[in-house]
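Peer 1: What follows is a single structure, and I will ask about it in a moment.
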Amino acid sequence: MSAPICVLTGATGGIGQAIARLLAKQGWRLLLVGRDHAQLSQLQGQCENDAEIFVGDLNLLETRTQLADFAKQLGGAALLVNNAGVNVMQGFNEISEQQIDQLLAINLIVPIKLCQLFLPQITAHSGTIVNVGSSFGSIGYPYQTLYCASKFGLRGMTEALARELSHSKVRVLYLAPRATDTAINSPQVRAMNKALGNTMDPPEKVAQALSDLINSTNRRRFIGFEETLFARINGMFPSLVDNAIAKQLPKIKSFFVN
């Protein structure tokens, strides 16, 4: 019997590559999804188990349909990891309409559509969906308005769908990394994190957290004790977080305001 199939979006990003390598070691067959054929092919060669690649723009209905059909031909997806994401950290007044549309599409709309599209395959395998969010899916942060909007939305959608399917054999999980050492962070963001003393995790730590979540009975996993505590305080006593971030704001601004 062949190994189960994991469909992994955003496979060529730092977190995606780490997830791919770890899941391959654990025996998963991988369907690596991205836009860069050369990078996908290179990653395919690094995976110890069978891996297929799929190149395309997931904003397009035709591409998403082709992806689902390809996964079905391979035996059907038992695991869907919605990992693809983008971020632009800048002032709200500077964000263009095109950036709004692009970021919300990639971070929120496409994952929702993929969850719906792949649900029959996941159901047939009594499988799992993992939506990769962020600590900023629980904490509103200055100069991260769009990113927070998308990740708050993804967290809410994941929670609602998990509860809707709680009597089924399908698991819907949410993973919330904190700042991670990948190319998604610009030099400005890296400098800001260093100035604020924020920890940046290696991608391998996020991949291991995802694996631990899949193999647990939990529905959600937040990486980092301080970030998890901050998110809980934000949920119960948001004014305390208002005040804490207000004290950081001048330093945050210094990296993004000329």
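What follows draws every value from the coordinates through simple rules; no lab data is involved. Please read these numbers as outputs of a predicted model, since none were measured by experiment. Cβ atoms come from the backbone with ideal geometry, glycine included; neighbour counts cover every protein chain shown.
Peer 1: Please report, in debye to the nearest 20, how large the charge dipole of the stretch 113-219 is about its Cα centre when each Lys and Arg carries +1 at its beta carbon and each Asp and Glu carries -1 there.
Peer 2: Taking the Cα centre of the stretch 113-219 as origin, the dipole is about 140 debye.
Peer 1: Further question: Calculate how steeply helix 225-236 sits against the longest principal axis of the alpha-carbon atoms of the chain, using the helix alpha-carbon long axis, and give the answer as 0 to 90 degrees to the nearest 10.
Peer 2: Taking the Cα atoms of the chain, the angle to 225-236 is about 70 degrees.
Peer 1: Could I ask something else about it? Tell me, in nm to one decimal, what length is gained between K113 and D242 on full extension, where the rule is 0.36 nm per residue of separation less the Cα-Cα distance?
Peer 2: Answer, rounded to one decimal: 43.1 nm.
Peer 1: Suppose each label sits 7 Å from its Cα in the direction of the beta carbon; what would the A3-N198 distance come out to in nanometres?
Peer 2: Computed distance between label sites A3 and N198 equals 3.5 nm.
Peer 1: Sticking with this structure for a sec: Taking the dipole about the Cα centre of the stretch 5-253, with the C-beta of Lys and Arg at +1 and of Asp and Glu at -1, give me whichever of V81, Q116, A244 is farthest to the positive side.
Peer 2: Going by the charge dipole, the pick is A244.
Peer 1: Can you find, among T9, G156, H125, the residue farthest towards the positive end of the dipole of the chain? Put +1 on the C-beta of Lys and Arg, -1 on that of Asp and Glu.
Peer 2: Value computed over the given set: G156.
Peer 1: Less than 11 Å Cβ to Cβ from D201, Lys/Arg counted +1 and Asp/Glu -1: what total charge do the surrounding residues give?
Peer 2: So the surrounding residues net to -1.
Peer 1: What angle do you read, to the nearest 10 degrees and between 0 and 90, between the alpha-carbon axis of helix 238-253 and the longest principal axis of the chain?
Peer 2: Long axis of 238-253 versus the principal axis of the chain: about 80 degrees.
Peer 1: Beta carbons within 10 angstrom, averaged per residue: use that to sort the peptides 162-168, 42-48, 92-98, 139-145, highest first. Walk me through the intermediate numbers first.
Peer 2: Numbers: 162-168: 12.3, 42-48: 14.7, 92-98: 9.1, 139-145: 18.4.
Peptide ranking by packing, descending: 139-145, 42-48, 162-168, 92-98.
Peer 1: Could I ask something else about it? What spacing in nm lies between the two simple spin-label points modelled at R220 and S41, each 7 Å away from Cα in the Cβ direction?
Peer 2: So the two model labels end up 4.2 nm from each other.
Peer 1: At q = 0.07, 0.09, 0.10 Å⁻¹, what base-10 log of I(q)/I(0) does the Debye formula yield for the stretch 5-253 when every alpha carbon is treated as an equal point scatterer in vacuo?
Peer 2: -0.23, -0.38, -0.47
Peer 1: What is the dipole size for the chain, taken about its Cα centre, with +1 at each Lys and Arg Cβ and -1 at each Asp and Glu Cβ, in debye to the nearest 20?
Peer 2: So the magnitude is around 620 debye.
Peer 1: Compute the long axis of helix 37-46 from its Cα atoms, compare it with the longest principal axis of the Cα atoms of the chain, and write down the angle in degrees, 0 to 90, nearest 10.
Peer 2: Helix 37-46 and the main axis of the chain meet at about 70 degrees.
Peer 1: Additional query: Can you tally the net charge around G133? Count Lys and Arg as +1, Asp and Glu as -1, for every other residue whose Cβ sits under 13 Å from the Cβ of G133.
Peer 2: +4
Peer 1: Right, here's the next one. So, counting K/R as plus one and D/E as minus one, what does the shell of residues with Cβ under 14 Å around L67 add up to?
Peer 2: Details: positive: R35, R64, K72, K113; negative: E52, D57, E62, D69.
Net charge around L67: 0.
Peer 1: Holding the Cα-Cα limit at 31 Å, pick out from K25/K113; K25/K253; K25/K251 the pairs that are longer than that. List each step's numbers first, then the result.
Peer 2: Details: K25/K113 29 Å; K25/K253 43 Å; K25/K251 42 Å.
Beyond 31 Å: K25/K253; K25/K251.
Peer 1: For Q99 paired with L74, estimate the spin-label separation in nm (one decimal), with each label point 7 Å from Cα along the Cα-to-Cβ line.
Peer 2: The two pseudo-label positions are separated by 3.4 nm.
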